[in-house]
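**Q** Structure provided below as structure tokens; questions to follow.
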Amino acid sequence: MSNLLRIESISKAYASKVALSDVSFDVHEGVIVGLLGPNGAGKTTLIRIINQITIPDSGRVFFKENLINTNDVIRFGYLPEERGLYKKMKVGEQALYLSQLKGMNRKEALIELKKWFEKFEIATWWDKKVEELSKGMQQKVQFIISVLHKPSVLIFDEPFSGFDPINANLIKQELLQMKKDGVTILLSTHNMASVEELCDEIVLINSSKNVLNGKVNQIKQEYKEHLFEVIFTGFVNVIEMAHRYQYEIISNEPIENGQRVVLKLLDKTVSTNVLIQALLQVGNIVSFKELLPTMDDIFIKVVNQTNN
Amino acid sequence: MAALFIVPAWIANLEDDEDKLIAVVDSSRLFQHILPETDKIHFIYLNKGTVNDAEKEIAKNHYYAVLYIPPTVLSTPIVTMSSPKQPSLAVRMHIMSSLKSQIESFKLIKKEIDPEVIQSVKTDVKVGVIKLNDDGTREVKSSDLQMVIGFVGGFLIYIFIFMYGAQVMRGVIEEKTNRIVEVIISSVKPFQLMMGKIIGIALVGLTQFLIWGVLTFSIVSIASSVMMKNNHLIDKQIQGVSLMEKNSNQVANNVQTDFSESEVSVIFESIKDIDFGVMIFSFLFYFIFGYLMYSALFAAIGGAVDNDADTQQFMLPITIPLILSIVLISNIINNPEGPIAFWFSMIPLTSPVVMMVRIPFGVPWTQVMLSASILIATFIFTTWLAGKIYKTGILLYGKKVTYKDLYKWIRYKN
């Protein structure tokens with residue numbers, strides 16, 4: 001995996017507040033990177049800096065090992081957070097115009113647009129005015145416009161806002177397909193569930209600083225609390241279970257036909273096999289799995305830590 | 001635009017096409033059958049009965065009004081007109097002027113003065129303006145035409161700057177409130193977007209102006225040929241009014257003919273004088289650069305605010321110089337070489353309108369060049385300024401911007 005984008009000590013201050021201070025990270029080619037952070041953390045500023053819309057006070061952005069320039073950015077697909085369309089223009093006309101701004105010629109834009117409109121089942125909207133469409137419908141059109149010119153880099157700011165679950169899923173599937181095709185995607189979102197589904201890596205920005213950055217799997221391992229969920233059926237010898245020294249019982253609740261127990265491993269040198277062997281003696285195990293923290297948990301934990 | 005001129009003229013013509021029969025009760029017995037009539041105004045002289053009798057029969061006899069001339073009219077010139085409706089101004093004017101000239105000539109006769117003598121001493125003084133050129137040649141000039149051309153040219157520039165400038169501003173606000181602006185500036189630079197908007201609307205404006213010009217010209221020429229007939233009627237009315245005077249002062253008229261002929265030729269001379277190439281060129285120049293300068297400022301306002309309502313506070317400093325230049329037009333027409341005319345045609349915010357008013361009167365080319373260069377320089381400056389404000393403003397939502405903020409934005413590096 002080579003570096004496609006390198007963000008190097010970016011700082012940006014506005015008159016009243018610091019938006020970014022010394023933020024650095026790499027974006028590898030062909031992965032989906034989630035750009036996370038609370039409201040006002042500086043995500044949108046960072047995205048605008050990568051897009052050359054805002055100039056940073058200091059720091060540099062590299063694209064394929066060279067300083068990024070406007071021509072690179074024009075080839076990116078960009079869906080800003082504050083997005084819209086000309087209300088009085090027709091959908092098809094406008095899509096054609098905006099894709100020509102991205103450097104496509106009219107003919108290929110027309111062919112590609114027809115393809116996408118068929119795929120998203122919105123071919124009948126072509127001659128409608130934008131103001132006749134609902135917000136979600138407009139988002140669909142905007143999504144198509146941002147990916148139409150087959151960019152190698154996609155930058156999406158809150159792409160799922162305004163979508164119903166069906167359409168949000170449609171967009172997710174498209175993003176995964178594009179990732180398979182080698183497109184690099186930078187995704188800013190508050191929707192942690194979609195981060196778990198889509199992202200390979202994350203960058204977490206809090207109060208203008210990069211506070212957590214890395215592969216989703218590794219981060220989950222780092223932040224895991226050695227919790228295990230065990231489900232038994234039938235009789236559970238709770239007293240026997242409580243006498244074990246390797247773990248501590250976090251919760252113990254009856255469920256249909258059995259018992260659900262969450263354990264925290266105290267001695268980290270103990271392997272899961274040893275743990276299972278010990279548990280086999282207290283009851284009939286139906287399932288055993290490690291509980292990894294969700295992105296939600298990690299987000300809240302890291303943000304609270306850095307705020308204190 | 002053409003309709004703007006033609007419709008009122010047409011309506012004014014429409015208004016008075018009713019035949020008006022006016023009953024005259026003349027107790028003085030001085031005005032029997034001598035009041036001049038027109039196509040629409042006719043008099044019937046009632047010798048029997050009183051005013052009251054005539055008034056009672058107004059409806060029956062379809063009189064428009066009853067005119068009562070008291071016996072004392074020569075000493076106290078007051079007559080009364082009674083009518084069920086308000087008599088029109090035209091009718092009153094007609095009666096007033098006919099009675100006036102009649103009474104005047106009666107008085108003269110009474111004092112044994114020949115009315116012709118009075119007419120022959122009436123004098124109309126004209127001032128012929130001769131312009132002494134630098135090369136020693138002399139030109140006969142009439143400034144009436146220059147006044148009209150200057151006024152119309154200046155006023156058109158004012159209207160266009162306002163109209164299309166506001167259109168630029170609304171366009172920018174629309175892009176901002178539609179939230180499309182960030183989508184577009186990921187493809188083009190903000191400055192390009194702003195200039196594209198300004199130049200695009202300028203081209204729309206010029207096209208519209210061209211269409212208006214062609215339409216106005218053709219409609220006016222069609223309308224004037226259609227109205228020719230009506231105009232003849234009006235002419236006759238006017239002739240009717242002054243018929244009496246004219247009959248009695250043939251001599252004087254003959255004397256005046258020479259003057260008026262030369263006056264007409266001076267006006268023709270001054271039409272030839274005005275170089276329409278220069279006029280059109282300077283109109284286009286001051287329109288285009290005045291517009292570019294102002295619309296950059298309008299675009300900056302549009303970029304800085306969130307909606308139309310917030311534009312007020314920033315509009316004021318832009319509209320004041322524009323309105324000031326319109327207010328100054330009459331002053332400048334009176335004295336196109338004076339200090340006010342000079343300075344306001346140099347100040348770039350007023351020069352497009354003010355210089356346009358001055359040019360038909362003839363302005364030294366050094367002044368035109370100076371004013372034009374200042375205007376171009378200011379245009380470059382305002383565009384740079386607007387670019388800075390615009391770039392920061394268009395990405396900022398939901399904040400009420402103050403002048404202090406604008407100053408900060410201008411000072412941002414890059």
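**Q** Quick check on my filter: what residues within segment B:45-82 are surrounded by fewer than 18 Cβ atoms within 10 Å (Cβ to Cβ), under 16 Å from B:K20 (Cα atoms) and within 41 Å of the chain's Cα centre (by Cα)?
**A** Once the filter is applied, which keeps residues that are surrounded by fewer than 18 Cβ atoms within 10 Å (Cβ to Cβ), under 16 Å from B:K20 (Cα atoms) and within 41 Å of the chain's Cα centre (by Cα), segment B:45-82 yields B:H62, B:M81, B:S82.
**Q** Give me a count of the residues in segment A:18-38 that are out of contact with any helix residue (DSSP H, G or I) (no Cβ under 8 Å at 6 or more places or on another chain) and either touching a residue at least 40 places away in the same chain (Cβ under 8 Å) or within 23 Å of A:E174 (Cα to Cα) (or both).
**A** Residues meeting the conditions: 9.
**Q** Further question: Every residue in segment A:206-223 that is touching a residue at least 40 places away in the same chain (Cβ under 8 Å) and surrounded by fewer than 15 Cβ atoms within 10 Å (Cβ to Cβ), please.
**A** A:Q221 - this is the single residue of segment A:206-223 that is touching a residue at least 40 places away in the same chain (Cβ under 8 Å) and surrounded by fewer than 15 Cβ atoms within 10 Å (Cβ to Cβ).
**Q** Something else about it: Taking the options B:S295, B:S330, name whichever one is surrounded by fewer than 18 Cβ atoms within 10 Å (Cβ to Cβ) and among the hydroxyl-bearing types (S, T, Y).
**A** Working: B:S295 fails: surrounded by fewer than 18 Cβ atoms within 10 Å (Cβ to Cβ).
Matching residue, one of B:S295, B:S330: B:S330.
**Q** Quick check: anything in segment A:158-172 small (G, A, S), part of a strand (DSSP E or B) and assigned by TED's automatic domain parsing to the domain that holds A:N213? Step through it out loud before you land on a result.
**A** Within segment A:158-172, the first condition is being small (G, A, S), and the residues that meet it are A:161-162, A:168.
Next, only the ones that are part of a strand (DSSP E or B) stay: none.
Taking every residue of segment A:158-172 in turn, none turns out to be small (G, A, S), part of a strand (DSSP E or B) and assigned by TED's automatic domain parsing to the domain that holds A:N213.
**Q** Okay, next question. Pairs needed: first member in segment B:188-215, on the phi > 0 side of the Ramachandran plot and surrounded by 15 or more Cβ atoms within 10 Å (Cβ to Cβ); second member anywhere, in a helix (DSSP H, G or I) and of a type in the set (S, T, N, Q); C-beta distance under 9 Å; at least 6 residues apart or different chains.
**A** none
**Q** Which number in (1) surrounded by fewer than 16 Cβ atoms within 10 Å (Cβ to Cβ); (2) polar (S, T, N, Q); (3) away from chain B (no Cβ under 14 Å) marks the one condition that A:S161 misses?
**A** If we test A:S161 against (1) surrounded by fewer than 16 Cβ atoms within 10 Å (Cβ to Cβ); (2) polar (S, T, N, Q); (3) away from chain B (no Cβ under 14 Å), just (3) comes out false.
**Q** Is there a residue in segment B:381-400 that is more than 23 Å from B:S186 (Cα to Cα), buried (at least 20 other Cβ atoms within 10 Å of the Cβ) and more than 14 Å from chain A (Cβ to nearest Cβ)?
**A** Checked segment B:381-400: at least one residue is more than 23 Å from B:S186 (Cα to Cα), buried (at least 20 other Cβ atoms within 10 Å of the Cβ) and more than 14 Å from chain A (Cβ to nearest Cβ).
**Q** While we're here: Taking the conditions exactly as written (surrounded by 12 or more Cβ atoms within 10 Å (Cβ to Cβ), under 35 Å from the mean Cα position of the chain (by Cα) and outside the structural domain of B:T38 (by TED's automatic domain parsing)), does B:V125 satisfy them or not?
**A** no
**Q** Can you tell me which residue in segment B:364-377 is nearest to the other protein chains (Cβ to nearest Cβ), limited to those that are surrounded by fewer than 20 Cβ atoms within 10 Å (Cβ to Cβ) and in contact (Cβ under 8 Å) with a residue 60 or more places away in the chain?
**A** Taking the candidates together, the pick is B:I376.
**Q** Something else now. Among B:T311, B:T382, B:T350, which is the only one that is among the hydroxyl-bearing types (S, T, Y) and at pLDDT below 90?
**A** Just a single option satisfies the conditions, and that option is B:T311.
**Q** Let me ask something additional. List pairs: first in segment B:162-182 and more than 21 Å from A:V130 (Cβ to Cβ), second at pLDDT below 90 and of a type outside the set (A, V, I, L, M), Cβ under 7 Å, 6+ apart or cross-chain?
**A** As it stands, the answer is B:Y164/B:G205; B:M169/B:T311, since those pairs meet every condition given.
**Q** I've got another one for you. Inspect all residues belonging to segment A:93-112 and state whether any of them is under 28 Å from B:G398 (Cα atoms) and of a type in the set (V, I, T).
**A** Looking through segment A:93-112, none of the residues is under 28 Å from B:G398 (Cα atoms) and of a type in the set (V, I, T).
**Q** While we're looking at this one, here's another question. Quickly run through segment A:244-293 and pick out the residues that are outside any strand (DSSP E or B), free of Cβ contacts under 8 Å to residues at least 40 places away in the same chain and in contact with a Leu (Cβ under 9 Å, 6 or more places away or on another chain).
**A** A:R244, A:Y245, A:Q246
**Q** Right, another one. Look through segment A:26-41, keep the residues that are more than 14 Å from chain B (Cβ to nearest Cβ) and on the phi > 0 side of the Ramachandran plot, and return whichever of them is surrounded by the most Cβ atoms within 10 Å (Cβ to Cβ).
**A** Filtering segment A:26-41 down to residues more than 14 Å from chain B (Cβ to nearest Cβ) leaves A:26-38, A:41.
Next, from what is left, pick out any that are on the phi > 0 side of the Ramachandran plot: A:30, A:37.
Numbers: A:G30: 17, A:G37: 27.
Going through the qualifying residues, I end up with A:G37.
**Q** Counting only residues that are in a helix (DSSP H, G or I) and surrounded by fewer than 16 Cβ atoms within 10 Å (Cβ to Cβ), which one in segment A:46-74 is nearest to the other protein chains (Cβ to nearest Cβ)? Let's see the steps before the verdict.
**A** So the first thing to find is which residues in segment A:46-74 are in a helix (DSSP H, G or I), and the list is A:46-50, A:70-74.
Of the ones still in play, those that are also surrounded by fewer than 16 Cβ atoms within 10 Å (Cβ to Cβ) are A:70-71.
On the way: A:T70: 7, A:N71: 11 Å.
Here the residue is A:T70.
**Q** To continue, here is another question. Any idea which of A:G103, A:G84 is facing chain B (nearest Cβ under 9 Å) and exposed (fewer than 14 other Cβ atoms within 10 Å of the Cβ)?
**A** A:G103
Residue-wise test of (1) touching a Gly at 6+ places or on another chain (Cβ under 7 Å); (2) at pLDDT below 90; (3) more than 14 Å from chain A (Cβ to nearest Cβ).
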residue: B:Y158; (1), (2), (3): no, no, yes
residue: B:I161; (1), (2), (3): yes, no, yes
residue: B:Y164; (1), (2), (3): yes, no, yes
residue: B:E182; (1), (2), (3): no, yes, no
residue: B:L215; (1), (2), (3): no, yes, yes
residue: B:S225; (1), (2), (3): no, yes, yes
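**Q** Evaluate the following for A:I239: is it without any contact (Cβ under 8 Å) to a residue 12 or more places away in the chain and assigned to a helix (DSSP H, G or I)?
**A** yes
**Q** Related question: Among the residues of segment A:137-154, is any at the interface with chain B (Cβ under 9 Å from one of its Cβ atoms), closer than 29 Å to A:S9 by Cβ and crowded, with 19+ Cβ neighbours inside 10 Å? Let's see the steps before the verdict.
**A** From segment A:137-154, those at the interface with chain B (Cβ under 9 Å from one of its Cβ atoms) are A:142, A:145-146; that's our starting set.
Then drop every residue that is not closer than 29 Å to A:S9 by Cβ, which leaves A:146.
Remaining after also requiring crowded, with 19+ Cβ neighbours inside 10 Å: A:146.
Checked against the condition, which is being at the interface with chain B (Cβ under 9 Å from one of its Cβ atoms), closer than 29 Å to A:S9 by Cβ and crowded, with 19+ Cβ neighbours inside 10 Å, segment A:137-154 yields at least one hit.
The values are calculated or read from the model by the stated rules, or taken from the named source; none is laboratory data. Since the structure is predicted, the reported quantities are computational estimates derived from the model, not experimental observations. Neighbour counts run over all protein chains shown; Cβ positions are idealised from the backbone, glycine included.
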